[in-house]
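First comes the structure, then the notes that go with it.
The values are calculated or read from the model by the stated rules, or taken from the named source; none is laboratory data. Everything numeric here is computed off the predicted structure, so don't read it as measured data. Don't worry about glycine lacking a Cβ; one is built from the backbone with ideal geometry, like all the others, and counts go over all protein chains shown. Surface areas here come from the heavy atoms of the whole protein model, side chains and all, with no ligands, DNA or RNA. Shrake-Rupley method; radii C 1.70, N 1.55, O 1.52, S 1.80 Å.
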Amino acid sequence: MDEIYFLREIDLDTKPKQELVVFENKNNRWQERVVSPRVGTPTFSTDGKQMFFGRSYKERTKTGWSDFKRLGPDFEDIRIMRVTASDNATIVIDEAQENSTLRYSKLVNGVWQAPKPLPKVINTGKYNAHPFIAPDESYIIWDGQRNSPKRNADLFISFKQSDGSWGEAIKFGDEINTDGADFAASVTPDGKYLFFNRTISPDNVDTYWVDAKVIENLRPKG
């Protein structure tokens, strides 16, 4: 909880440039540092030792972040937007296309295995994207379009069953989903808050948060 990463767009003489910025808490003071020009939207392993950028990632070293590494040849043909990781070295990935498929991969002996599709209870409809897997792999949240003639995105969740399978997709309620696009959800490392994006207008996307108890309220009882 000592670092905040975000993307910032700077208008340089009408030629916008995006950069990756970090605020670091050092000696009880927040300090800003530009990490690099934008190369993707970063996500992190739960131990904070890996920073993912689609098909690439960096590893934390004693002096900062390593050079870019690749997930492996089995990922090269997938246009990955977001990588999400569990405590147990499982990653879930999406792809940037209409009939998209969410896939998962496990790290075995230091090598990411060929990604496999998640079941149809998750991969149904269009634009399935921006997954978030719980650190303990008890649920996956993602956004997609189902049974809607309008191009939008709603947030869904699937809970891991006692037999290891994934349960039916459950759509978040009106406190989360709107007529617009609600997408790119994630839960804070302490498990207390759910953050997500919402399209307010064609040129404005805001970030919202709610108490993560909304997740437990959807969990099937029994």
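Listed values, structure above:
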quantity	calculated
Subset of the range 145-178 [in a strand (DSSP E or B) and modelled with pLDDT under 95]	145
Where residue 117 falls short, out of the listed (1) under 19 Å from residue 96 (Cβ atoms); (2) surrounded by 12 or more Cβ atoms within 10 Å (Cβ to Cβ)	(2)
Condition broken by residue 139, with the remaining ones in (1) in contact with a His (Cβ under 7 Å, 6 or more places away or on another chain); (2) within 18 Å of residue 46 (Cα to Cα) satisfied	(1)
Those strands (runs of 3 or more DSSP E) lying entirely in the range 1-109 with at least 1 residues open to solvent by 70 Å² or more (accessible area, probe 1.4 Å)	3-12, 15-26, 29-37, 56-61, 103-108
Which numbered condition residue 133 misses (of (1) open to solvent by less than 10 Å² (accessible area, probe 1.4 Å); (2) within 17 Å of residue 182 (Cα to Cα))	(2)
Given (1) surrounded by fewer than 20 Cβ atoms within 10 Å (Cβ to Cβ); (2) part of a loop (DSSP other than H, G, I, E, B); (3) out of contact with any helix residue (DSSP H, G or I) (no Cβ under 7 Å at 6 or more places or on another chain), index of the condition residue 122 fails	(1)
Candidates 121, 92, 83, 108 - the one that is without any contact (Cβ under 8 Å) to a residue 24 or more places away in the chain and of a type in the set (A, V, I, L, M)	108
Residue within the range 185-208 that is surrounded by fewer than 11 Cβ atoms within 10 Å (Cβ to Cβ), of a type outside the set (S, T, N, Q) and either in contact with a His (Cβ under 6 Å, 6 or more places away or on another chain) or outside any loop (DSSP other than H, G, I, E, B) (or both) present	yes
